[in-house]
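See below for the structure under consideration.
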Amino acid sequence: MPTPSTRPARKAVIPVAGMGTRFLPATKAVPKELLPVVDRPALQYIVEEAARAGLGEVLMVTGRNKAAIEDFFDRHPELEAALEKKGDASRLEAVHASTDVAQVHFVRQGEARGLGHAVLQAAAFVGDEPFAVLLGDDLIDARDHLLEQMLQVQAEHGGSVVALLDVGRENIDKYGAVAVEDAGGDVVAITGLVEKPPVDEAPSSLAIIGRYVLAPEVFGVLRETPPGRGGEIQLTDALATLVERGEPVHGVVFSGRRYDTGDRLDYLKAVVQLAAERDDLGPDFRAWLTGFVADLPGAGASQA
Ligand code: G1P
């Protein structure tokens, strides 16, 4: 029996090498991770989430055309001096918050050969301890403590932990899908994983959403994982190998608030939802939105 790890996870890995083709032409010169969700780049929410969970060391796995991400997490002395001179304390604080949130490191992926390959680039940074992987397309509401719960589950059971969401059978082919031992509570033992299965072959409607806490053993497995779905080295395949070897892999079934920023429609929904819930912008935005929706053609008909 593998013994639960006594080492707590301290580090987070965020793959940001994707080309962002779904947001072209916006992403021709701006990395998709820096597209604003209200007034912060999507990526800042992710780094803040890692930091809140106690993961203050963050590695971004970047690629070509991602230099703006490094600039974003760097200090900007001229801007800070200008804000200071103007006495604009709140904006100065916002600028500081974006750099002080975590210790951010960078490594280049070189070739984009899939999520598993991106995670493998973190091997030297992570060393021999469990670590988290956060994918930028999924934003988890700050009021829900998914990553904290996953870290607790990892500390208790050892091995690896993934975040799961019931996306319904019709949507499962867009995700990594899992088979689980009888799902009673929100923590489940995973017995199999498959990357983006055809709907009629999916083991369940439980999908992996973009949060993982991984045992360092995953690196050795990733080195031997051949390209899978889409010709890419899949993290899901490496996790399936760990399960086959008898290593514990658990899932935390999430029932909180998740905002998907992966495609244009979901991104728009995320921006509207998060803006509507903000203390500062929310009241005015909700008032405007209510009127806007009431004036839409077909308003008053039953909701889609
Ligand atoms: C990746 C993973 C997939 C997971 C998804 C979550 O896919 O390969 O298993 O379900 O993230 O967002 P991608 O969305 O990068 O194609």
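Remarks
- Kirkwood Rh (inverse of mean 1/r, distinct Cα pairs), segment 87-137, angstrom: 13.8
- Taking the square roots of 5 times each eigenvalue of the Cα gyration tensor of segment 17-160, largest first, gives ellipsoid semi-axes of 27, 21, 15 Å.
- In order through segment 63-74: 3J(HN,Hα) via Karplus (6.51 cos²θ - 1.76 cosθ + 1.60), integer Hz, x for Gly, Pro: x, 4, 6, 10, 4, 4, 5, 5, 4, 4, 8, 9
- If R0 is taken as 30 Å, the Cβ-Cβ distance between ALA68 and SER204 corresponds to a FRET efficiency of 0.15.
- Amide H contacts under 5 Å for LEU193: ALA179, restricted to partners 5 or more places along the chain or on a different chain, H placed in the peptide plane at 1.01 Å from N.
- Solvent-accessible surface (1.4 angstrom probe) belonging to ASP182, in square angstrom, nearest 10: 140
- Globularity index of segment 1-84, i.e. its alpha-carbon radius of gyration over 2.2 N^0.38 Å: 1.36
- Under 19 Å of direct C-alpha separation, and excluding same-chain neighbours fewer than eight residues apart, LYS66 reaches these lysines: LYS28, LYS32.
- Shape category assigned to segment 213-304 from the gyration tensor of Cα positions, a/c cut at 1.5: prolate
- The convex hull of the Cα atoms of segment 256-300, projected and averaged over all directions, covers 4.1 nm².
- Fraction of the pair-distance distribution of the chain above 38 Å, Cα-Cα pairs, percent: 16
- Between GLU129, GLU247, GLU93, the GNM of the chain built on Cα springs shorter than 10 angstrom shows GLU93 fluctuating the most.
- Cα→Cβ-extended label distance, 7 Å offset, between ALA142 and ASP100, nm: 1.4
- Length-normalised contact order for the chain - Cα pairs under 8 Å, 6+ apart - percent: 21
- Accessible-area rank, largest first, for PHE73, PHE292: PHE292, PHE73, with all protein chains present and a 1.4 angstrom probe.
- Cα-based reach from LYS85 at 18 Å (exclusive), listing aspartates and glutamates while leaving out same-chain residues under 8 positions away: GLU93
- Solvent exposure of segment 149-201 amounts to 47 Å² per residue of accessible area, where only protein heavy atoms count and the probe is 1.4 Å.
- Note on ASP173 and GLU224: with the Förster distance fixed at 30 Å, the Cβ-Cβ geometry gives a FRET efficiency of about 0.70.
- Once the Kirkwood radius over Cα pairs is known for segment 123-215, the Stokes-Einstein relation at 37 °C and 0.692 mPa s delivers a diffusion coefficient of 234 µm²/s.
- The slack in the chain from ASP263 to GLU129, taken as 0.36 nm per residue of separation less the alpha-carbon distance, amounts to 44.9 nm.
- Cα→Cβ-extended label distance, 7 Å offset, between ALA29 and GLU181, nm: 5.5
- For the pair THR21 and ASP284, a Förster radius of 30 Å applied to the C-beta separation gives a FRET efficiency near 0.30, rounded to the nearest 0.05.
- Largest accessible area first, the residues ARG223, ARG286, ARG7, ARG40 order themselves as ARG223, ARG286, ARG7, ARG40 under a 1.4 Å probe with ligands, DNA and RNA left out.
- Over the chain, dividing the summed -39,500 (n - 2.57) contributions of all DSSP H runs of at least 4 residues by the number of residues returns a 222 nm mean residue ellipticity of -10000 deg cm²/dmol.
- Unit charges on C-beta of K, R, D, E only; dipole of the chain, Debye: 620
- Accessible area per residue was computed with a 1.4 Å probe on protein heavy atoms; LEU265 scores about 110 Å².
The values are calculated or read from the model by the stated rules, or taken from the named source; none is laboratory data. The shown structure was predicted, so the numbers you read here are calculated from the model rather than taken from an experiment. With ideal geometry, Cβ positions are generated from the backbone for all residues, glycine too; neighbour counts draw on all protein chains shown. Note: accessible area is taken over every heavy atom of the protein model, side chains too, but ligands, DNA and RNA are not part of it. Shrake-Rupley method; radii C 1.70, N 1.55, O 1.52, S 1.80 Å.
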